1. Given the Cα-Cα distance of residue 156 and residue 110 and 0.36 nm per residue of separation, how much length would full extension add, in nm?
2. Could you tell me how many cubic angstrom of Cα convex hull volume the stretch 153-262 has per residue?
3. Could you list, in their original order, any pairs among 144/236; 157/273; 236/285 whose Cα atoms are separated by more than 31 Å?
4. Are there GluC sites (Glu not before Pro) in the stretch 148-207 that DSSP puts in a loop and that have at most 16 other Cβ atoms within 10 Å, and which ones?
5. Starting from the coordinates of the alpha-carbon atoms of the stretch 160-218, obtain the Kirkwood hydrodynamic radius over all distinct pairs and give the value in Å to one decimal.
6. Just the Kirkwood number for the stretch 146-191, please: inverse of mean 1/r across all distinct Cα pairs, in Å, one decimal.
7. Carbon and sulfur: what percent of the stretch 209-281's accessible surface (1.4 Å probe)?
Amino acid sequence: MQDYKSKTVVDEKMLFRLEGQLKNQKDEIDILKRKNDMLLKGEGDAQNSFKDELSKVKELNEVLVEEKKRLEDRFKKVCLELESAKKNRIDEQTVRNLKTVSEELALIKQKNAKLKKENEEKNNRITYLESSFGFAAFDLKDAKYRLMIKDLYEARKYDDFKKACIGSQISYVDELDSLDFGGFALENDISEVKRDNARSVYEDYKAGKISSEHQEYLVKGHTASKVFFRFRSFVKYLDENSIVHMSQLDEFDFNGLKETGEFTGNQVKKFIKKYNEYNQLRKIK
C-alpha cells in the first residue's frame, strides 16, 4: 500500500513537470507566432514602402522627362534666336559697310570731278598758251632746280627791281611767293609801272608761262659746259661721253676719271667741289 502511494506521488510530479514543459512549449509557440506575425507585418510594410518609393521614382522620372523636353525646346528656341540675332548683326554690318563704301564712292566721285575740272582748266590754259605764245605751260612741280631772280628778270627794265631784291637778300624766284609787290615797291622807290611789270613776270612764271630755255633749266639744270667752262679738258670729256646737262652728273662717277689717265686726283677734287657748289646754289632740296 505504501509502495502504491509512493508511485502515485512520483507520477503526479512527472505529470506536473510535463504540464510545465507543455506550457513552456506553448508559450514558445505563442512567441514564435507573434514573431512570425510581426515579420509578416514587417514584410508587408516593407513591400508597401517599396511600392511607395517606386511610385515616387516613377513620378520623378516623369518630371525629369518633362523637364528635359522643356529644356531641349528652350535650347532649340535659344539657338534660333541666336541664329536670327547673328543674321541681323551681319545684315547691320553689311548695311554699315555698304554705307561706308557709298560714302567713299561719293568722295571719290567728288575728287574725280574736281580733278576733271582742274585738268580741263589746265588743258585750256595749255591750249591758250600754245596758241598765244608758242609753247606749253610748265608744271613747276616738275622743277628740280631753283630759278634765280637775275635769270628770270634778265632785261634791263627790271634792273631797279633786281637791285631791290639783292638789297633785301632775295635771290630766288620762289622767294617771291610771300612778297607784297606793292609794299616792296614803295619801300624801294620803284615806280608803279616797273612794279606792275615785275609782278606780271612773276604771275606768268607761276602760271607756267615760262620760256623753253627756262623750262629746260628747271628740269635739267644748266649745261655742264657753262658750269665747267674753266676746265676745258673735262668739258671735252663730257661732250665725248654725251653728258650735256648738270642733272646727268648726279649719278656720275667722278673718281673713275683718275682711271682714265687723263685727269689727276687734284683735278678730280676740283670737279667734285664745283659740282657740289652748283647743286648747293641751284638744286631743289
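1. 11.8 nm
2. 141 Å³
3. Beyond 31 Å: 157/273.
4. In loop regions of the stretch 148-207 (DSSP not H, G, I, E or B), the sparsely surrounded GluC sites (Glu not before Pro) are 154.
5. It works out to 12.2 Å.
6. Values: mean 1/r = 0.0934 Å⁻¹.
By the Kirkwood definition, the hydrodynamic radius is 10.7 Å.
7. 45 percent
The values are calculated or read from the model by the stated rules, or taken from the named source; none is laboratory data. Please read all numbers here as calculations on a predicted model, not as lab measurements. With ideal geometry, Cβ positions are generated from the backbone for all residues, glycine too; neighbour counts draw on all protein chains shown. Quick note on the areas: whole protein, heavy atoms, side chains included, nothing else; ligands and nucleic acids left out. Shrake-Rupley method; radii C 1.70, N 1.55, O 1.52, S 1.80 Å.
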